[in-house]
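Novice: Okay, here's the structure, questions in a sec.
The values are calculated or read from the model by the stated rules, or taken from the named source; none is laboratory data. Note that this is a predicted model, so its numbers are computed, not measured. Backbone-built Cβ (ideal geometry, glycine too); neighbour counts: all protein chains shown. What goes into the accessible areas is simple: the full protein's heavy atoms, side chains included, and nothing from ligands, DNA or RNA. Shrake-Rupley method; radii C 1.70, N 1.55, O 1.52, S 1.80 Å.
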Amino acid sequence: MIGKETYARRREELKKSVGSGLLLFLGNQEVGMNYADNTYRFRQDSSFLYFFGLDDAGLAAVIDIDADKEIVFGHELTIDDIVWTGTMPSLKERCEQLGLYETRPMDELKGYLDKTRAKHGTVHYLPPYRGDHQVWLQELLGIEPVAQTANASVDFIKAIVAQRNHKDEEELQQIEEAVDLSTRMHLTAYRMVRPGMHESQVAAAIEEVACRNGNTLAFPTIATVQGQVLHNHGFIHELSDGDIFLLDAGAETKMHYAGDLSSAMPVGERFSSRQADIYNIHLASFRAAVDKLKPGVPFREAHIAAATAIVEGMKGLGLMKGDAAEAAEAGAYALFFPCGLGHMMGLDVHDMENLGEQYVGYAEGQAKSRQFGFKSLRLARPLEPGFVFTVEPGIYFIPELMDKWRAEKQFTDFICYEKLDAWRDFTGLRNELDYVITKDGARQLGTLRKPMTIEEVYQAKEAVEPI
């Protein structure tokens, strides 16, 4: 568990970073699925969790730097609430456990903000990612939803990113717990995948592993034999001998820290020789990326290393030609690897993307590319100790993309289009692990190990011990 001293330290550091003004935090509300009382699973806003630790709906908070105040706004339970939820500690009691000693009713929030603004004080707020937050901001600050993101406080965003990008030991313990639970999910899939099953059966089994002890999923599961569709959540296919099964799944701890892993495995007993060739090219790209992980090295270099290894492998199969490094820098690799190598991970599985990839994954002055392939690189900045992120190269054969590039005559100096027709039905595969940067290198997170080599995949498929 994370103690109140940690939350107090985080808030104090944030005050010093921003310097002046009022920092507004909007907690998340319950959201109805089809009517108000039948709600989706509640998930608190991650920045609200990071600084206040309150995992309850219907809260807001301010850090008034100039007045040296930290105030949580919300409602105490009424008898109507207690009938539905049972008796709980009061809001005041919950706040005091987290080093917060002033609470006020929610209906006083707007008046407090109005008073602050009347004194020419600045109200810093974060870009909203939910419709109810847009409505709330309009009510509180009078800013139209269409203008809210553009007027969000860049100083506030940068200060939060600077803190949340660096994980401390308390956070790393939570993340490693999430990664180990995620690994158990994947080991379950290795053991059970076989011809005649349905994608939905595997998805149900691995999600049960995540949830049976009170944890939950870090993101919607991808469990498919159509791996060339990068985010395939349908669970509609039957598994057949000769298919590659792709699983992208992760768990979230009770304190909401995430794990994120992906795996590729044969549905039958073994990969075909063609599948093994692609798998080993992918594994070489993974290792090339990991070899680059150390403080000061831009993550973009790890991405390029993975892309270069993929080009080299494709050259060996006769699908690409020319200088591999040039093909990687030019972007020709993206026919087979159209996504980014990885992303920051923490309280969000894609950490802080609601605050903007440019601020989270890119250094000051480092431009984000708009080119296909490179534009999906969420993390490119130089790595620093405490950064937690994923490494996830993949190789995909996407017929629609092949046809488009061929018609447009893209990268004909590097791509052997005449050889691609034989590979249109290959689908795709990827593997993903999670890492933290240390003072002199990088460490794979988790005490359990997910299979990576073909031999390890086969061993995992034959394992019988319970997960």
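Novice: Mind checking which residues of region 399-445 are among the hydrophobic types (A, V, I, L, M, F, W, C) and more than 24 Å from the chain's Cα centre (by Cα)?
Specialist: 401, 402, 405, 407, 411, 414, 415, 416, 420, 422, 423, 426, listed by residue number.
Novice: OK, next. Give me the residue from region 363-406 that is part of a loop (DSSP other than H, G, I, E, B) and free of Cβ contacts under 8 Å to residues at least 12 places away in the same chain and, out of that set, nearest to residue 308 (Cα to Cα).
Specialist: 369
Novice: Also, I was wondering about something else. Please verify whether residue 139 is out of contact with any His (no Cβ under 9 Å at 6 or more places or on another chain), more than 30 Å from residue 463 (Cα to Cα), among the charged types (D, E, K, R) and surrounded by fewer than 19 Cβ atoms within 10 Å (Cβ to Cβ), treating the condition exactly as stated.
Specialist: Spelling it out, residue 139 is indeed out of contact with any His (no Cβ under 9 Å at 6 or more places or on another chain), more than 30 Å from residue 463 (Cα to Cα), among the charged types (D, E, K, R) and surrounded by fewer than 19 Cβ atoms within 10 Å (Cβ to Cβ).
Novice: Can you name every residue in region 178-196 that is in contact (Cβ under 8 Å) with a residue 40 or more places away in the chain, open to solvent by 10 Å² or more (accessible area, probe 1.4 Å) and more than 23 Å from residue 445 (Cβ to Cβ)?
Specialist: Residues satisfying the conditions are 194, 195, 196.
Novice: Right, here's the next one. Which condition does residue 36 not pass, out of (1) among the small types (Gly, Ala, Ser); (2) under 29 Å from residue 164 (Cα atoms); (3) modelled with pLDDT under 95, if it passes all the others?
Specialist: That leaves (2) as the condition not met.
Novice: What number of residues within region 409-435 are free of Cβ contacts under 8 Å to residues at least 60 places away in the same chain and either open to solvent by less than 30 Å² (accessible area, probe 1.4 Å) or among the small types (Gly, Ala, Ser) (or both)?
Specialist: 2
Novice: I'm trying to understand the selection: among the residues of region 368-405, which are of a type in the set (A, V, I, L, M) and either under 12 Å from residue 165 (Cβ atoms) or surrounded by 18 or more Cβ atoms within 10 Å (Cβ to Cβ) (or both)?
Specialist: To start, the set of residues in region 368-405 that are of a type in the set (A, V, I, L, M) comprises 377, 379-380, 383, 388, 391, 395, 398, 401-402.
If the condition is that a residue be of a type in the set (A, V, I, L, M) and either under 12 Å from residue 165 (Cβ atoms) or surrounded by 18 or more Cβ atoms within 10 Å (Cβ to Cβ) (or both), then 377, 379, 380, 383, 388, 391, 395, 398, 402 are the ones that fit.
Novice: A further question follows. Within region 313-346, take every residue that is touching an Asp or Glu at 6+ places or on another chain (Cβ under 6 Å) and outside any loop (DSSP other than H, G, I, E, B) and give me the one that is nearest to residue 396 (Cα to Cα). Can you show your working first?
Specialist: To start, the set of residues in region 313-346 that are touching an Asp or Glu at 6+ places or on another chain (Cβ under 6 Å) comprises 322, 324, 342, 344-345.
Among the residues that remain, those that are also outside any loop (DSSP other than H, G, I, E, B) are: 324, 344.
Values: 324: 18, 344: 23 Å.
Checked region 313-346; the qualifying residue nearest to residue 396 (Cα to Cα) is 324.
Novice: Does region 229-237 contain at least one residue that is open to solvent by less than 10 Å² (accessible area, probe 1.4 Å), of a type in the set (S, T, N, Q) and either part of a loop (DSSP other than H, G, I, E, B) or in contact with a Leu (Cβ under 9 Å, 6 or more places away or on another chain) (or both)?
Specialist: no
Novice: Additional query: Among the candidates 374, 389, single out the residue that is among the aromatic types (Phe, Trp, Tyr), over 30 Å from residue 317 (Cα atoms) and modelled with pLDDT of 95 or more.
Specialist: On inspection, the qualifying residue turns out to be 389.
Novice: Here's another thing I want to ask about it. Filter region 205-224 for residues that are more than 19 Å from the chain's Cα centre (by Cα) and within 23 Å of residue 458 (Cβ to Cβ); which is most open to solvent (accessible area, probe 1.4 Å)?
Specialist: The initial filter retains those residues of region 205-224 that are more than 19 Å from the chain's Cα centre (by Cα), namely 205, 208-209, 212-214, 224.
Those still in the list that are within 23 Å of residue 458 (Cβ to Cβ) too: 205, 209, 224.
Details: 205: 27, 209: 7, 224: 1 Å².
Ranking the candidates gives 205 first.
Novice: Please name all residue pairs, on different chains or six or more residues apart, with Cβ atoms under 7 Å, provided the first residue is in region 436-455 and is farther than 19 Å from residue 284 by Cβ and of a type in the set (A, V, I, L, M, F, W, C) and the second residue is in a strand (DSSP E or B) and open to solvent by 50 Å² or more (accessible area, probe 1.4 Å).
Specialist: 436/443
Novice: If I ask for residues that are in a helix (DSSP H, G or I) and under 20 Å from residue 459 (Cα atoms), which ones from region 182-204 would you list? Steps first, please.
Specialist: Filtering region 182-204 down to residues in a helix (DSSP H, G or I) leaves 182-192, 199-204.
Result: 182, 183, 184, 185, 186, 187, 188, 189, 190, 191, 192, 202.
Residue-by-condition table, conditions (1) in contact with a Lys or Arg (Cβ under 6 Å, 6 or more places away or on another chain); (2) at pLDDT 95 or above; (3) over 13 Å from residue 394 (Cα atoms):
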{"site": "230", "(1), (2), (3)": "no, no, no"}
{"site": "234", "(1), (2), (3)": "no, no, yes"}
{"site": "266", "(1), (2), (3)": "no, yes, yes"}
{"site": "280", "(1), (2), (3)": "no, yes, no"}
